[in-house]
1. What percent antiparallel are the DSSP beta bridges of chain B, to the nearest 5?
2. Please compute the contact order of region B:125-270 in relative form: average sequence separation of alpha-carbon pairs under 8 Å and at least six residues apart, divided by the residue count, as a percent.
3. Could you give the length gained by full extension between residue B:196 and residue B:235, i.e. 0.36 nm per residue of separation minus their alpha carbon distance, to one decimal place?
4. Give me the percent of DSSP beta bridges within the protein assembly as shown that run antiparallel, rounded to the nearest 5.
5. Just want to confirm a number: the relative contact order over chain A, from Cα pairs under 8 angstrom separated by 6+ residues, in percent.
6. According to the square roots a ≥ b ≥ c of the eigenvalues of the Cα gyration tensor, what is the shape class of the protein assembly as shown, taking rounded for a/c under 1.5, prolate for a/b larger than b/c otherwise, and oblate for the remainder?
7. With a ≥ b ≥ c taken as the square roots of the eigenvalues of the C-alpha gyration tensor of region B:125-270, please select rounded if a/c is under 1.5 and otherwise prolate if a/b is larger than b/c or oblate if it is not?
8. Could you calculate the contour length gain from residue B:298 to residue B:68, that is, 0.36 nm times the residue separation minus the distance between their Cα atoms, to one decimal place in nm?
């Protein structure tokens, strides 16, 4: 199976069927089992939110649920996207907290 | 193996963290009669080092050496009577002993008279201007991308920092068909050579390292020893990184031989810091051990801390690597069984001796690697004033220095005065650097102190704890008499 995106490694793994998800309303596709953070990253979406004090863009950093840089909004909750497994129909929004950017 | 959520919440022993140390400890303790619950936030055992491919991925061909060890440990666990609780985020630990966690099905807790913290390590990244730019990730993050998610970190990656992960990540990228712009290593060839005698204790791992170096050479990847990233900024094509040489104290030699690389990813890491949050919450005695990664709980050879019933296993008690962590976990599991009266002292001594011998061999290797990754105060001294130290709260070095000028004398005071370490990562990303910056002024890391451990261990939405309810159902007491 040929996979989408040029960052996925195909040699050692068999992936399932593509699923649809959105980020800030933009339709995207990824594979089941991928984390939301890495599925976004491999789709070229690296900026996941703006830092509350400086307003500078932030994205995934530690990929183990520690740094909280990849936090996004999913169904009204802030969640580190590296700890969220991709599922069909997932709708995520930027983790920016409205009104806090300076 | 059964789902702990369906079983009683009381156990003989709770183990937090299902990496090599936690699996070793839990299986050994269960083997000797303890009712053990092993708790981890991930979907499977393995920790960061042996993290499996996610559910939904099917491996093609035979597993690599790390995947094979991870599979063997998961198999050992599956055959054991250990009760496992995966996908459970531990947010609180309290006295003698209660562990609170949340999962997809809501809050849960367990109690036991003994607790083993096997929480591993976090990666140290010494800040530089631009390290908050998206596309800059940790070396450990790059490893997770390559091994578990089966993705390249970028089209062209700069691999920087120190320690064995540099070579592992660079070689992993090349093998997967990606490009490595350069490997930028703080250490000198002499630093690497000095580890050779210890590396000989694990010829298999030494051979892997030699394989990585050979691959880098064959692909013409420049390896720049005694170099560091000076800064990273956004550019039209992605990121632009300025790199330059450092002196023996690992301080950049300013303005000399700097060059800029066009890349779209930076994978950077400067070693590992023991994850001590649980032993800090219990106020166990800690000491600063530079060569083992930083602050660690004082423990005996089997992991007993200064707090009765609390044990620390694996890298969360000092960075010695995955192989030593598994063996030390086995020893800690035995100690817990002995302390709970399941085995007598003579049996304990007979069983622990061969494990300890095996651990000592791996520890020698681990110490050599840990030495390569240990932080040097020169690195902290060289951080530019405008650099963000605390990523959560955007606190710069200049702001920390100003607080120290005004009298802040410990990292807890820095936190109270500047909010450094007060954000959602709870000081895990900035704590080590804040301590180093304070140590530069107060003399040593011991005087600088460490952030006081407090729950919640992870940020969690409060509605996960409260569940759903109707306001009408909340009992409202009558007004107090006037």
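Values in this text are rule-based calculations from the coordinates and carry no lab data. It should be emphasised that the depicted structure is a prediction, and the values quoted were computed from it without experimental measurement. As a convention, Cβ positions derive from the backbone with ideal geometry for all residues, glycine included, and neighbour counts pool all protein chains shown.
1. Details: 35 of 67 bridges.
Expressed as a percentage, antiparallel bridges in chain B total about 50.
2. 34
3. Values: separation 39, 0.36 × 39 = 14.04 nm, distance 4.02 nm.
Full-extension gain reported as 10.0 nm.
4. Details: 52 of 87 bridges.
Roughly 60 percent of the beta bridges in the protein assembly as shown run antiparallel, per DSSP.
5. Numbers: 194 pairs, mean separation 31.8, N = 102.
About 31 percent, as a whole number.
6. On the way: a/c = 1.24, a/b = 1.12, b/c = 1.10.
Rounded, since a/c falls under 1.5.
7. Values: a/c = 1.85, a/b = 1.19, b/c = 1.56.
Because a/c hits 1.5 or more and a/b fails to exceed b/c, region B:125-270 counts as oblate.
8. On the way: separation 230, 0.36 × 230 = 82.80 nm, distance 3.26 nm.
Going from the current span to full extension adds 79.5 nm.
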